Amino acid sequence: MPHSVLIIDDEETIRKSLSYLFAGKGFSVSAGATISDGLKLAWTTRPDLVVLDNRLPDGNGLQALEMIKTEHPDTMVIMLTGYANLSDAVQAIRKGAYDYLTKPVDIDALEIAVERALETQRLKKENLVLKMRQVCADTGIVGSSREIHKILLIIEMLAENPDTTVIITGESGTGKELAARTIHGLSARKDKPFLDINCASLSEHLLESELFGREKGAYTDAKETKRGLLEVADGGTVFLDEIAELSMNLQPKLLRVIETKTFRRVGGTRDIKVDIRIMAATNKDLSNPENRKNFREDLYYRLCVMPVHMPPLRTRENDVLELAKHFLSQGTAIKKNIIEISKDCESYLLAYRWPGNIRELRNVIERAAILSPGPTINPEHLPRELLEKKEQQWQNEQQNYPSAPCSLDEAEKNHIRKTMDFSYGNQSLAARLLGISRSTLISKLKKYALL
Ligand SMILES: Nc1ncnc2c1ncn2[C@@H]1O[C@H](COP(=O)(O)OP(=O)(O)OP(=O)(O)O)[C@@H](O)[C@H]1O
Ligand SMILES: [Mg+2]
């Protein structure tokens, strides 16, 4: 892919000459004369590099620089300034510009700056990929979709901030607990306990005494003083699963723990101080006020300082097969030497909606490994709901598109439309099922006005 550059300068001669220079070097070039044009172009072209003038009709280049770096942190910016504005140049570097050049622009100096900027950018990207691979290897989190990369970045950041309260949301089986354990395992708290408790599985009183502990004689059968999870986990992390089910009575007590790191045992009068991080998880969408009628606003906002949302598997198109192969390298499959998934089988896995997400995928693969007599997993080893959905859909679609004689183009159009419907509009999946590249699919979608 050619590099892309955006030139933002109000002098037409500079725009023209730089455009000419970059186009000659194979860049794809866009140019704007004002900050507002420049920002719009930055949005649409997502350039690798911006050459930015310092004085523009609608404002200062430094402001534009800040906006560009906020929206597109990976974009490299080279500022152009007059001699009289060298202090601006220093400011520009502080605000994230890669380099600055004085006007009139020395073309050789510009070429060198551009080369270095792109090299730095390339190294940064490479480092990020390597780092992500390492984090994946360290954490056991499998996946290379954009969605999972974003999650890994957040996980790393939260690991570096071991006191921040975290709430992890997402459908069932999307890896919320795995994410919580990973954050803990990568953090400075890693040698201290990670204790989890499910807020939905215990009665209010039991949960209270499990969490906070109780003093001897707190109630009739409390013969001994018992320390709660919050105390036992001192120095570590307490993970509260299904936090949306926490009773109204316990919510203010939890809020107090988060805010002051102190609490009292049941029946106790003494404040106990602990050093813990609280993490919580829920598969309810608490951002919808309807779903948090039984949840205190103050606790909700306190928990939401750093929300992490685990995306459903169906939106992580590249991860399904990678995860399936990962699960094949474990458990029964490895014992039975099962090494591959047939192409047919792959298309069923890709087309399924995975309501139970990664847990369901793991179970499907384990079950298939048990059923498969040979080294390959075939469609007959998959559960009926995976196969039925697909077949039913094909049948419905067959009825919608009776196969009356038609031109080849017409047949192609119908087939592409069916496959797109079948793939829920997911172009990568449709392209894979059709056995063509995504770009070919897009050009065909355009040709048949199906976009
Ligand atoms: N990215 C991943 N790579 C490998 N395994 C994963 C990944 N995400 C989840 N898993 C596995 O999937 C299973 C379900 O994950 P987990 O228990 O963390 O989900 P959850 O969101 O907490 O589910 P629930 O809402 O049902 O509690 C676990 O066995 C976990 O190890
Ligand atoms: Mg869980």
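The values are calculated or read from the model by the stated rules, or taken from the named source; none is laboratory data. Since this is a predicted model, take the numbers as computed values, not measurements. Neighbour counts are summed over all protein chains in view; Cβ atoms, including those assigned to glycine, are modelled from backbone coordinates with ideal geometry.
When you look at Asp99, is it of a type outside the set (Val, Ile, Thr), touching a residue at least 24 places away in the same chain (Cβ under 8 Å) and over 19 Å from His309 (Cβ atoms), yes or no? Step through it out loud before you land on a result.
Numbers: of a type outside the set (Val, Ile, Thr): yes; touching a residue at least 24 places away in the same chain (Cβ under 8 Å): no; over 19 Å from His309 (Cβ atoms): yes.
Answer is no for this residue.
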Within segment 373-400, considering residues that are modelled with pLDDT under 90 and surrounded by 14 or more Cβ atoms within 10 Å (Cβ to Cβ), the one farthest from ligand 1 (Cβ to nearest atom): Glu397
Wholly within segment 188-290, helices (runs of 4 or more DSSP H) carrying at least 1 residues that are free of Cβ contacts under 8 Å to residues at least 60 places away in the same chain and within 23 Å of Glu160 (Cα to Cα): 229-232, 250-260
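From Val274, Val232, which residue is in contact with a Pro (Cβ under 7 Å, 6 or more places away or on another chain) and surrounded by fewer than 19 Cβ atoms within 10 Å (Cβ to Cβ)? Lay out the reasoning, then the answer.
Details: Val274 fails: in contact with a Pro (Cβ under 7 Å, 6 or more places away or on another chain).
Step by step, each of Val274, Val232 is checked, and only Val232 is in contact with a Pro (Cβ under 7 Å, 6 or more places away or on another chain) and surrounded by fewer than 19 Cβ atoms within 10 Å (Cβ to Cβ).
State all residues of segment 427-451 that are part of a helix (DSSP H, G or I), touching a helix residue (DSSP H, G or I) at 6+ places or on another chain (Cβ under 9 Å) and more than 14 Å from His415 (Cβ to Cβ); if no residue qualifies, say none.
Taking segment 427-451 as the starting set, the residues that turn out to be part of a helix (DSSP H, G or I) are 427-434, 438-447.
Retained after the next criterion (residues that are touching a helix residue (DSSP H, G or I) at 6+ places or on another chain (Cβ under 9 Å)): 427-434, 438-442, 444-445, 447.
The answer is Gln427, Ser428, Leu429, Arg432, Arg438, Ser439, Ile442.
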Ile168, sole failed condition from (1) away from ligand 1 (no atom under 16 Å from the Cβ); (2) under 30 Å from Arg314 (Cα atoms); (3) in contact with a helix residue (DSSP H, G or I) (Cβ under 9 Å, 6 or more places away or on another chain); (4) among the aliphatic types (A, V, I, L, M): (1)
Selection within segment 229-275 - among the aliphatic types (A, V, I, L, M) and within 16 Å of ligand 1 (Cβ to nearest atom): Val238, Leu240, Ile243, Ala244, Leu246
Answer residue from segment 143-172, given it is at pLDDT below 90 and part of a loop (DSSP other than H, G, I, E, B) and is farthest from Pro73 (Cα to Cα) among those: Gly143
Residue check for Ile14: out of contact with any strand residue (DSSP E or B) (no Cβ under 6 Å at 6 or more places or on another chain), in the same structural domain as Asp108 (by TED's automatic domain parsing), at negative phi and of a type in the set (A, V, I, L, M): yes
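For residues that are of a type in the set (Ser, Thr, Tyr) and over 14 Å from Arg314 (Cβ atoms), scanning just segment 331-372, find the one that is surrounded by the fewest Cβ atoms within 10 Å (Cβ to Cβ).
We begin by selecting, within segment 331-372, every residue of a type in the set (Ser, Thr, Tyr); these are 332, 342, 347-348, 352, 372.
Now drop any that are not over 14 Å from Arg314 (Cβ atoms), which leaves 332, 342, 347, 372.
Details: Thr332: 17, Ser342: 13, Ser347: 16, Ser372: 19.
Filtering segment 331-372 for residues that are of a type in the set (Ser, Thr, Tyr) and over 14 Å from Arg314 (Cβ atoms), the one surrounded by the fewest Cβ atoms within 10 Å (Cβ to Cβ) comes out as Ser342.
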